[in-house]
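To keep things clear, I will list the structure first and then write my remarks on it.
The values are calculated or read from the model by the stated rules, or taken from the named source; none is laboratory data. Just so we're clear, the structure is a prediction, and the values are computed from it rather than from any experiment. FYI the Cβ positions are ideal-geometry reconstructions off the backbone, even for glycines, and counts take in every protein chain you see.
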Amino acid sequence: MKAEIKSIYDAHVAFELSQFDKKQLKANIKEEIAAAWKWLDTVKLDDVASVDAVISFEERNIKERKLTKHQKEYIVELSESIHELALKSKHTVADFINEDSFNDIAEKIISQKEMRERIIKDIVNNPFYGEMIADTLYDGIKSFAAQSGPSNETVGGSLFNIGKGILGAALSGVSDTIDKNIKKFIADNLQKSIAKSEKTLKEKLSDAQLHKMAKNLWEKLEETKVKDLAKGVKLTDKDRAAIVTSAEKAIHIAINSEPISELNEHVLTHFFEHSGKKSIAQILEDNGITEKIVIKEADEFLIPYIEVALKDGFLKSRIEARLHKFYSTL
């Protein structure tokens with residue numbers, strides 16, 4: 001590089017560096033963000049992105065992404081640290097959510113009466129629920145008969161206890177027949193029991209009862225100490241690592257499942273149909289992010305990085321490298 005060109009090059013580098021001095025930096029950031037914001041107000045979402053582009057990004061960076069060994073170890077370490085903090089806590093659970101917020105959440109849940117009744121109906125009509133009731137009724141009848149004892153003259157009592165000796169072995173078929181008859185009786189009458197249990201559940205989970213339950217729950221939350229809850233958690237580092245691995249596996253399976261993929265595509269498609277024709281600046285503003293906020297946060301978070309880069313010479317080296325490409329051609 002010729003001497004006269006080198007002189008201009010050095011002056012140019014010095015000028016670029018001066019723009020990052022404290023006196024100039026804030027003003028320059030404001031100017032650049034204002035210019036960028038004005039430009040973003042002319043750029044529509046559809047101009048720079050699409051549903052397919054977002055899904056491709058997710059597939060590259062989310063769907064197949066797995067935690068590194070370091071991340072897993074750090075999560076375990078952080079979990080242990082939070083547990084230790086909880087053991088020393090002077091707070092109650094209620095300190096983390098105030099009563100008004102709790103009541104608001106409870107009210108929103110309780111108001112979903114139609115959904116609540118549908119869930120109850122689905123539960124009681126689940127085959128597992130029927131089997132549970134049948135087993136409970138059967139065990140209850142059998143226990144009652146057994147408790148009557150050999151000396152009791154009731155037919156159920158004598159037959160349920162007959163299988164203890166030689167005679168019981170000889171008449172084991174009688175006991176089996178009684179079991180079958182009891183189960184048949186339960187099966188024939190199960191629908192009545194299920195219908196009654198559904199009605200009972202709806203009564204127990206009425207708006208009034210749920211409000212009462214919510215009030216009782218809040219009173220317990222006010223008194224429950226965080227450290228007492230933490231004492232009940234007894235996990236080794238091995239346990240924590242196993243939980244992290246299981247959670248990662250479950251999440252990985254979920255986000256790669258067909259239903260989640262369909263939901264993801266539906267949400268993205270809806271968003272682009274709703275906002276695709278809007279400018280990037282408008283979308284940001286719709287979501288509470290204004291030019292003023294961006295400038296303020298840039299001052300808070302960007303300036304410290306620039307100051308360090310200026311101090312350690314990294315910024316100067318990058319400016320020199322960029323300008324040298326041009327001046328070396330002269």
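Which residues, taken from the range 196-240, are loosely packed, with under 13 Cβ neighbours inside 10 Å, under 30 Å from residue 135 (Cβ atoms) and either of a type in the set (Val, Ile, Thr) or in contact (Cβ under 8 Å) with a residue 12 or more places away in the chain (or both)?
Answer for the range 196-240, where residues must be loosely packed, with under 13 Cβ neighbours inside 10 Å, under 30 Å from residue 135 (Cβ atoms) and either of a type in the set (Val, Ile, Thr) or in contact (Cβ under 8 Å) with a residue 12 or more places away in the chain (or both): just 200.
If you go through the range 206-231, how many residues are at pLDDT 90 or above and not in a helix (DSSP H, G or I)?
2
Have a look at 243, 253 and point out the one that is out of contact with any His (no Cβ under 7 Å at 6 or more places or on another chain), among the β-branched types (Val, Ile, Thr) and surrounded by 12 or more Cβ atoms within 10 Å (Cβ to Cβ).
243
Report yes if residue 89 is more than 27 Å from residue 244 (Cα to Cα), surrounded by 11 or more Cβ atoms within 10 Å (Cβ to Cβ) and more than 21 Å from the chain's Cα centre (by Cα), otherwise no.
When the stated conditions are applied, residue 89 does not pass them.
Of all residues in the range 46-78, which are touching a helix residue (DSSP H, G or I) at 6+ places or on another chain (Cβ under 6 Å) and either within 26 Å of residue 235 (Cβ to Cβ) or not assigned by TED's automatic domain parsing to the domain that holds residue 244 (or both)?
67, 72, 75, 76
How many residues does the range 1-31 hold that are closer than 16 Å to residue 310 by Cβ and among the hydroxyl-bearing types (Ser, Thr, Tyr)?
The qualifying residues number 1.
Considering only the range 7-48, how many residues are of a type in the set (A, V, I, L, M, F, W, C), surrounded by fewer than 16 Cβ atoms within 10 Å (Cβ to Cβ) and in a helix (DSSP H, G or I)?
Residues that pass the stated criteria total 11.
If a residue counts only when it is modelled with pLDDT of 95 or more, assigned by TED's automatic domain parsing to the domain that holds residue 61 and over 19 Å from residue 33 (Cβ atoms), which helices (runs of 4 or more DSSP H) contained entirely in the range 255-322 have at least 2 such residues?
The helices (runs of 4 or more DSSP H) meeting that bar are 258-275.
Whether any residue in the range 258-277 is exposed (fewer than 15 other Cβ atoms within 10 Å of the Cβ), touching a residue at least 60 places away in the same chain (Cβ under 8 Å) and more than 21 Å from residue 49 (Cα to Cα) is what I want to check.
The answer is no, given that none of the residues of the range 258-277 is exposed (fewer than 15 other Cβ atoms within 10 Å of the Cβ), touching a residue at least 60 places away in the same chain (Cβ under 8 Å) and more than 21 Å from residue 49 (Cα to Cα).
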